[in-house]
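Read the structure below first, then the notes.
Every number in this text was worked out from the coordinates using simple rules, so none of it is lab data. Predicted model, so just to flag it, every value in this text is computed and none were measured. Positions of Cβ are backbone-derived with ideal geometry, glycine not excepted, and every protein chain shown enters the neighbour counts.
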Amino acid sequence: MESALAEIEFLALSPNRVAVLRCLAEDRHTRTDLAVTTGASQATLGRILRDFQERSWIERIDGAYVATATGELVADGFLDLLAIMETEGDLRPIVSYLPTDALDFDLRRFDDATITVPSGTKPNAPVGRVLDLLREASSVRVLSHAFNEDSLDVIERRVTAGDMTFEGVFSRHAIDAVADDERLRRRLESLVGAPDASVRVRDGGVPLAVTVADDVVHLLLRDANGVLQASVDTDDAAVRDWADARFERYWDAASPVDDTDLGE
């Protein structure tokens, strides 16, 4: 294991080595090509290419360099590890808020995710992110323990204008909170009565806050005290499949919102 760790360290300590190995694992390149692509000096490239040839990771064919089978193996494994560590670094500040027990997909699916956190100038930035998605989407599904006032306004306005179709499953607490506010109740009544909307309530509660806006899945993340800490969204297909399956599960266990739910 020590020798393997030494080889990992050999690569990890030099971004230029990683860049060269990545290039040669993808296709053959001349030394000039590598200099242009990686920005490494000729002296640095010379050392890297000699080191790689000594390890049989690359070979020279007709004046160009290309990865060998073992070179491709090393490149795949190391670059996969590099991607994992980059994703972990992105998720580290918010991992304690992720509902990991409910996320039955590989967290590597978040490798290109957009993470939004509150700031001093934008304390409500995570909600602002989902509002931006709602303003552009033509099809929206929401599974949530709360119905944000701003989200309700955007959804109701766009649905009644014929710009969006909507399906939502909410906790009993979320529906009751809206029904207790006259202005919000009127908004919800309008939404429930719209032909392009279906709203259901689940008495058993909803532990997640998931919005599927067209192909983007957005999760609002709160701490143990219910304080909004971040949001994460992605258009990854596996995450979309997870969100749709989770939505359908709660949809089947919920009932349509009616006049009784609205306090009438």
By the gyration tensor of its Cα atoms, with a ≥ b ≥ c the square roots of the eigenvalues, what is the shape of region 119-191: rounded for a/c under 1.5, prolate for a/b over b/c, or oblate? oblate
Quick check on the exposure proxy: order Ile175, Ile8, Ile61 from fewest to most C-beta atoms within 10 angstrom. Ile61, Ile8, Ile175
Ranked list, fewest to most other Cβ atoms within 10 Å of each Cβ, for Asp241, Asp101: Asp101, Asp241
Fewest first, what order do Met85, Met1, Met164 take by the number of other Cβ atoms within 10 Å? Met1, Met85, Met164
Could you work out the relative contact order of region 93-256, using alpha carbon pairs under 8 angstrom and six or more residues apart, expressed as a whole percent? 29
Contact order normalised by residue count of region 2-88, Cα under 8 Å, 6+ apart, percent: 28
The helix 182-193 Cα axis meets the longest alpha-carbon principal axis of the chain at an angle in degrees, between 0 and 90 and rounded to 10, of 80
Search the structure for amide H atoms under 5 Å from the amide H of Leu208, placed 1.01 Å from N in the peptide plane, and list their residues when 5 or more places away or on another chain. His145
The local net charge around Val20, scoring Lys/Arg +1 and Asp/Glu -1 for residues other than Val20 whose Cβ lies under 13 Å from its Cβ, equals +3
